[in-house]
Amino acid sequence: MAQKHPCPLRLGLFGGSFDPIHHGHLISSWDALEQMHLDRVVFIPCALSPHKSDPPVAPGEERLAMIRRAVRGWPSFCFSDCELERGGPSYSVDTAEEMRRRFPTAELFWIIGSDQVKSLRSWRDYPRLGKLVTFLIVPRPRYGQVVLANGMALLPSPHFVDISSTEIRDRAQSGLPIGHLVPRPVATHIAKRHLYEKIPA
């Protein structure tokens, strides 16, 4: 009898500043997990985003700590500090290549918002990145209709949650509650570590 081979691992890779991680990130990830039949979603906080002029407000170790607290108890969610360890600008192609080395037989899906689609071709070594991953597009209504290219898949039925990390930082700086926007362990960590109370101008 021929030996049956298991189906390849389907990994969703979710990169970003996560400054801080919030319910919108988690809900989008769970939608992707269920609707695209992913085995796991990996949250990957960047060291420095090549697409933003300013560095993250919270240090990398604090953003990683918040992710760790946010995904605790969710076996299908995990995280990687590979971009923080690598340092410098965090290029997606470098991370995808590292994940390919770690999981040589896995199907890799790079999760992005629809607001990023227009700039994709400007990402470093986009042709190489497109061979390593399938881009999984999470629609964001305020950015209009998405035009898909080869190597892209649209998340079919997302739950739209309009939360921004900037809003959370502004509220924390002003002493306003943020517990409705982030998981409770994240809100506790932010308060305990006094994150975002003094944001550089």
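The values are calculated or read from the model by the stated rules, or taken from the named source; none is laboratory data. Everything numeric in this text was worked out from a predicted model, so none of it was measured. With ideal geometry, Cβ positions are generated from the backbone for all residues, glycine too; neighbour counts draw on all protein chains shown.
Restricting to segment 132-164, count the residues that are modelled with pLDDT of 95 or more and out of contact with any helix residue (DSSP H, G or I) (no Cβ under 9 Å at 6 or more places or on another chain).
So the count comes out to 1.
Considering only segment 73-104, state which residues are part of a helix (DSSP H, G or I), out of contact with any strand residue (DSSP E or B) (no Cβ under 8 Å at 6 or more places or on another chain) and not hydrophobic (A, V, I, L, M, F, W, C).
Scanning segment 73-104 gives GLU85, ARG86, ASP94, GLU97, GLU98, ARG101, ARG102.
Give the residues of segment 58-97 that are under 18 Å from VAL182 (Cα atoms) and among the basic types (Lys, Arg), sorted by residue number.
Correct list: ARG63, ARG68, ARG69, ARG72.
For segment 90-101, indicate whether the set of residues that are more than 23 Å from ASN150 (Cα to Cα) and modelled with pLDDT of 95 or more is non-empty.
yes
Of a type in the set (S, T, N, Q) and in a loop (DSSP other than H, G, I, E, B): is that true of GLN116 in this structure?
The answer is no for GLN116.
Read through the list (1) under 14 Å from the mean Cα position of the chain (by Cα); (2) within 16 Å of PRO50 (Cβ to Cβ), then give the number of the only condition that VAL138 fails.
(2)
Any residue in segment 32-44 that is farther than 24 Å from LEU181 by Cβ, in contact with a Ser or Thr (Cβ under 6 Å, 6 or more places away or on another chain) and either in contact (Cβ under 8 Å) with a residue 24 or more places away in the chain or surrounded by 15 or more Cβ atoms within 10 Å (Cβ to Cβ) (or both)?
Among the residues of segment 32-44, at least one is farther than 24 Å from LEU181 by Cβ, in contact with a Ser or Thr (Cβ under 6 Å, 6 or more places away or on another chain) and either in contact (Cβ under 8 Å) with a residue 24 or more places away in the chain or surrounded by 15 or more Cβ atoms within 10 Å (Cβ to Cβ) (or both), which makes the answer yes.
Between PRO50, PRO6, which is in contact with a strand residue (DSSP E or B) (Cβ under 7 Å, 6 or more places away or on another chain) and modelled with pLDDT under 95?
Among PRO50, PRO6, only PRO50 is in contact with a strand residue (DSSP E or B) (Cβ under 7 Å, 6 or more places away or on another chain) and modelled with pLDDT under 95.
Provide a single number: the residues in segment 104-118 that are more than 14 Å from GLY151 (Cα to Cα), modelled with pLDDT of 95 or more and either surrounded by 15 or more Cβ atoms within 10 Å (Cβ to Cβ) or touching a Gly at 6+ places or on another chain (Cβ under 6 Å) (or both).
1
Those residues that are in a loop (DSSP other than H, G, I, E, B) and either of a type in the set (Lys, Arg) or surrounded by fewer than 14 Cβ atoms within 10 Å (Cβ to Cβ) (or both), I need them from segment 142-173; list them, please.
Passing the criteria: GLY144, GLN145, VAL147, LEU148, ALA149, ASN150, PRO156, SER157, HIS159, PHE160, ASP162, SER164.
Checking the structure you have, find out if any residue of segment 34-41 is more than 19 Å from PRO139 (Cα to Cα) and either touching a helix residue (DSSP H, G or I) at 6+ places or on another chain (Cβ under 7 Å) or outside any helix (DSSP H, G or I) (or both).
yes
Of everything in segment 174-201 that's more than 21 Å from TRP74 (Cα to Cα) and among the aliphatic types (A, V, I, L, M), which residue is surrounded by the fewest Cβ atoms within 10 Å (Cβ to Cβ)?
ALA201
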